[in-house]
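Everything below concerns the one structure shown next.
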Amino acid sequence: MAKSDKIIVALDVPTKVAALDLVDQLREHISFFKIGLQLYTAEGPEIVCSVLSTGAKVWLDLKLHDIPNTVARAVESASNLGVHMLTIHLSGGSEMIRAATAARTNNISILGVTILTSATEQTLREIGITDRVDDQVLRLAKLGVEAGIDGVVASPHEIKVLRTEFTDKIKIVVQGIRPRWAEPDDQKRFMTPRQALEAGADYIGIGRPITTHPRPREAVTKILNEIES
């Protein structure tokens, strides 16, 4: 797989027009795009269909977390849209996870979100979790794998422990990616694109360093050069 095929650009923009403009600018290098809560809430399933119609792949990052039946029906809907990956929160528990994996069709991959990359151990303490971040990530990942997920979403700092535990049995998709020239913003556990890929990530999600850059295509080129340098 080419390095550019491992980059998923997050379409963290408010409108369909802005999203499709980004896709148009970046399709020469990027084949995979992430649609998250902001864009999906604004534009609905239509934006998914529009991005898919360009020939690109779509990761629908809704981080589903609800009662098992509701999550299962949402997975069915996402499968019918034709998206390639969909996220659920592993903290929803094994019954919810199994409902999600049982409902998938059309080769959709169910990714389990472990701990958000903006979270720290202080964040975990606030919600009553006393474990270290690494330990909680691994616990949730094991729960998800036992319930049939296809991959996990984590920060790049957990790649090593996840690869050691699961080898190549699951996909590891990481967020919290910041090129050397970008600000970390609200990311607490981040790495550069090259560091994350060398650590063993299957895919890296990158948003603001590209979407807020005055010339997004140039940002992608800089990232690819940084990876290859």
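The values are calculated or read from the model by the stated rules, or taken from the named source; none is laboratory data. Predicted, not measured: the structure shown is a model, and the values here were computed from it. Positions of Cβ are backbone-derived with ideal geometry, glycine not excepted, and every protein chain shown enters the neighbour counts.
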Report task. Examine segment 80-97 for a residue that is within 19 Å of the chain's Cα centre (by Cα), free of Cβ contacts under 8 Å to residues at least 24 places away in the same chain, part of a loop (DSSP other than H, G, I, E, B) and at positive phi, and state whether such a residue exists. Result -> no
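Going through segment 49-61 one residue at a time, which ones are in contact (Cβ under 8 Å) with a residue 24 or more places away in the chain and surrounded by fewer than 20 Cβ atoms within 10 Å (Cβ to Cβ)? So that I can check it myself, show each step before the final result.
Looking only at segment 49-61, we keep the residues that are in contact (Cβ under 8 Å) with a residue 24 or more places away in the chain, and these are 49-52, 54-61.
Hits for segment 49-61 are Cys49, Ser50, Leu52, Thr54, Gly55, Ala56, Lys57.
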Query raised in the report: If you go through segment 117-131 one residue at a time, do you hit one that is within 22 Å of Asp66 (Cβ to Cβ), assigned to a loop (DSSP other than H, G, I, E, B), in contact (Cβ under 8 Å) with a residue 40 or more places away in the chain and of a type outside the set (Val, Ile, Thr)?
Result: yes
Requested in this report: May I ask you to list the residues in segment 62-79 that are loosely packed, with under 15 Cβ neighbours inside 10 Å and outside any helix (DSSP H, G or I)?
Outcome: Ile67
Query - Meets criteria (at pLDDT 95 or above and in a helix (DSSP H, G or I)) for Ile110 - result: no
Requested in this report: State yes or no: is Lys6 within 19 Å of the chain's Cα centre (by Cα) and either farther than 27 Å from Ala141 by Cα or surrounded by 17 or more Cβ atoms within 10 Å (Cβ to Cβ) (or both)?
Outcome: yes
**Report entry** Residue count, segment 9-31 (criterion: within 16 Å of Met85 (Cα to Cα) and surrounded by fewer than 19 Cβ atoms within 10 Å (Cβ to Cβ))
**Finding:** 1
Requested in this report: Quick one: in segment 195-229, of everything that is under 16 Å from Ser31 (Cβ atoms) and of a type in the set (D, E, K, R), which residue is surrounded by the fewest Cβ atoms within 10 Å (Cβ to Cβ)?
Outcome: Asp202
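Return yes or no: is Ile115 aliphatic (A, V, I, L, M), surrounded by 17 or more Cβ atoms within 10 Å (Cβ to Cβ), within 17 Å of Ile8 (Cβ to Cβ) and out of contact with any Pro (no Cβ under 8 Å at 6 or more places or on another chain)? Can you show your working first?
Values: aliphatic (A, V, I, L, M): yes; surrounded by 17 or more Cβ atoms within 10 Å (Cβ to Cβ): yes; within 17 Å of Ile8 (Cβ to Cβ): no; out of contact with any Pro (no Cβ under 8 Å at 6 or more places or on another chain): yes.
Here the answer is no, as Ile115 does not meet what is asked.
Tell me yes or no: at least one residue of segment 209-228 is touching a Pro at 6+ places or on another chain (Cβ under 9 Å), more than 26 Å from Glu121 (Cβ to Cβ), in a helix (DSSP H, G or I) and among the acidic types (Asp, Glu). Outline the logic, then answer.
Applying the first criterion (touching a Pro at 6+ places or on another chain (Cβ under 9 Å)) to segment 209-228 yields 209-210, 219, 222-224, 226-227.
Narrowing further to those that are more than 26 Å from Glu121 (Cβ to Cβ): 210, 219, 222-224, 226-227.
Those left that are additionally in a helix (DSSP H, G or I): 210, 219, 222-224, 226-227.
Among the residues that remain, those that are also among the acidic types (Asp, Glu) are: 226.
Yes, that holds for at least one residue.
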Report task. For segment 148-166, enumerate the residues that are more than 19 Å from the chain's Cα centre (by Cα) and either outside any helix (DSSP H, G or I) or closer than 24 Å to Leu86 by Cβ (or both). Result -> Glu165
